[in-house]
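Colleague: The structure's right below; bear with me while I get my questions together.
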Amino acid sequence: MKTIEVGIIGATGYAGVELLRLMTTHPYGRVAAVSSVSFEGKPISEVYPNLCGVCDDTLENEDAVIEKSEVIFAAMPHGLSEPLARKCVDAGKKFIDLGADFRLTSEEEYKQWYGLPYKDPELHKKAVYCIPELHRELVKDKEIIANPGCYPTSIALGLAPAVKEGIVRLQSIIIDSKSGVTGSGRGLSQTTHYPDCNEAFSPYKIASHRHTPEIEQTLAGLAGEPAQITFVPHLLPVNRGIVSTIYVDLKKKMGLEEIHRRYQEFYKDERFVRVMEPGQVANLRNVKFSNYCDISLHVDERTGRLIVVSAIDNMVKGDAGQAIQNMNLLCGIDESAGLKMIPPAF
């Protein structure tokens with residue numbers, strides 16, 4: 001098969017360098033060019049010495065990356081991807097956005113949560129939001145893929161079977177998620193400063209996190225009716241990983257065995273979603289450095305609630321790994337290509 005020439009814009013951010021790490025072992029893809037505004041002209045291995053001898057490419061500007069590549073990943077903060085997407089579409093290239101610019105279908109919601117209008121509304125008609133396990137059939141012939149956020153990925157995969165089959169109520173979902181500090185990006189902030197996050201644990205952006213509308217949009221799309229959530233993320237003093245604990249009311253009494261059976265059936269053909277046996281609990285340790293999502297199911301019979309625990313690596317299944325999974329879909333190759341790594345045991 002012909003090698004896919006891949007470009008990474010924003011290669012020195014955490015998501016960008018994770019993309020590069022994973023792409024170095026991709027059987028059908030080759031990193032043709034990488035870019036960084038902050039480190040342009042330097043070898044990327046000078047910024048990340050772990051890449052020395054593996055990838056010593058010089059960081060170029062974004063136009064050079066687009067010119068040399070067939071598929072371009074953009075790992076940039078929100079508000080910066082639309083102009084890049086336009087350049088790629090005009091050049092006949094495929095564009096995968098790891099930022100938020102194409103995730104929300106409503107411009108009004110994007111304005112409300114991100115404070116910006118769409119700069120190029122026509123581009124959004126060419127884009128599709130894709131969690132592969134839930135939306136892969138929408139990807140064919142698309143020019144732009146909106147790679148989902150890390151929290152929404154863990155939550156949507158955790159809830160999809162229950163929501164799709166209509167066994168839970170959608171108006172009182174409570175989501176308690178914990179993420180490693182890499183989720184905040186490479187730029188230093190007070191909350192991710194070592195003395196503040198080490199030996200600490202706290203919620204942040206309580207009921208105001210920007211992933212809220214993305215989560216509600218995804219759940220509503222699965223259910224065919226509006227969903228409303230209370231979402232509270234927490235910062236864990238670890239590098240990577242997300243654990244989402246989700247509390248949702250069952251519409252009628254249903255035992256754990258029946259719910260577990262439905263989840264297993266829903267995900268029976270999905271390589272990267274592992275529904276754990278009753279009594280087991282999902283743990284971020286068991287998904288680190290992998291593209292897996294582990295899901296454990298629990299029923300509180302006293303309150304009639306289903307409790308779902310979903311664990312992913314925020315930098316792989318929640319970010320770069322899922323982006324590569326989307327690239328594989330887009331290019332019509334094995335969806336698991338380059339993503340077959342097994343989590344370490346400890």
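FYI, it's all coordinate maths here, none of it is from the lab. From a predicted model like this one, the values you see are computed outputs, not experimental measurements. Heads up, the Cβs are rebuilt from the backbone with ideal geometry, glycines too, and the neighbour counts pull from every protein chain shown.
Colleague: Starting from the Kirkwood Rh over alpha-carbon pairs, what translational D in µm² s⁻¹ does region 151-314 have by Stokes-Einstein at 4 °C and 1.567 mPa s?
Modeller: Details: Rh = 16.2 Å.
Approximately 80 µm²/s, per Stokes-Einstein.
Colleague: Could you pull out the chymotrypsin sites (Phe, Trp or Tyr not before Pro) across region 197-298 that fall in loop regions by DSSP (anything but H, G, I, E, B) with no more than 10 other Cβ atoms inside 10 Å?
Modeller: For chymotrypsin sites (Phe, Trp or Tyr not before Pro) across region 197-298 that sit outside H, G, I, E and B with at most 10 neighbouring Cβ atoms in 10 Å, the list reads PHE201.
Colleague: Find the relative contact order for the chain and round it to a whole percent, using C-alpha pairs within less than 8 Å whose residues are 6+ positions apart.
Modeller: Once normalised by length, the contact order is 17 percent.
Colleague: Could you pull out the trypsin sites (Lys or Arg not before Pro) across region 285-346 that fall in loop regions by DSSP (anything but H, G, I, E, B) with no more than 10 other Cβ atoms inside 10 Å?
Modeller: ARG302
Colleague: Is the shape of region 25-71 rounded, prolate or oblate, going by the alpha carbon gyration tensor and its root eigenvalues a ≥ b ≥ c, with a/c under 1.5 for rounded and a/b larger than b/c for prolate?
Modeller: oblate
Colleague: Report, in degrees rounded to the nearest 10, the 0 to 90 angle that the Cα long axis of helix 256-266 makes with the longest principal axis of the chain.
Modeller: The angle comes out near 30 degrees.
Colleague: May I ask you to derive the FRET efficiency for LYS111 and LEU138 from their Cβ-Cβ distance with R0 = 25 Å, giving the value to the nearest 0.05?
Modeller: 0.55
Colleague: Another question, then. Restricting to Cα pairs below 8 Å that are 6+ residues apart, what does the relative contact order work out to for region 151-314? Please round to a whole percent.
Modeller: It comes to 30 percent, rounded to a whole number.
Colleague: Go through region 14-29 residue by residue and turn each phi into a ³J(HN,Hα) via Karplus (6.51, -1.76, 1.60, θ = phi - 60°); whole Hz please, and just put x for glycine and proline.
Modeller: 4, 5, x, 6, 5, 4, 4, 4, 6, 5, 5, 10, 6, x, 10, x
Colleague: Taking the Cα centroid of region 40-54 and of region 229-277, what is the distance between the two, rounded to the nearest whole Å?
Modeller: Measuring centre to centre over Cα atoms gives 38 Å.
Colleague: Quick one: divide the alpha-carbon radius of gyration of the chain by 2.2 N^0.38 Å and tell me what you get.
Modeller: Rg over 2.2 N^0.38 Å, computed on Cα atoms: 0.97.
Colleague: OK, next. Based only on other Cβ atoms within 10 Å, what is the fewest-to-most ordering of ASP90, ASP319, ASP176?
Modeller: ASP90, ASP176, ASP319
Colleague: Another question, then. State to the nearest 20 debye the size of the charge dipole of the chain about its Cα centre, where the only charges are +1 on K and R beta carbons and -1 on D and E beta carbons. Don't skip to the end; give the middle numbers.
Modeller: On the way: 38 positive and 45 negative charges, 133 e Å.
Once rounded to the nearest 20, the dipole reads 640 debye.
Colleague: Helix-only mean residue ellipticity at 222 nm, the chain, DSSP H runs n ≥ 4 weighted -39,500 (n - 2.57), per residue, nearest 500. What is it? Don't skip to the answer; put the middle values down first.
Modeller: On the way: 12 runs with 100 residues, N = 346.
Mean residue ellipticity, 222 nm, calculated: -8000 deg cm²/dmol.
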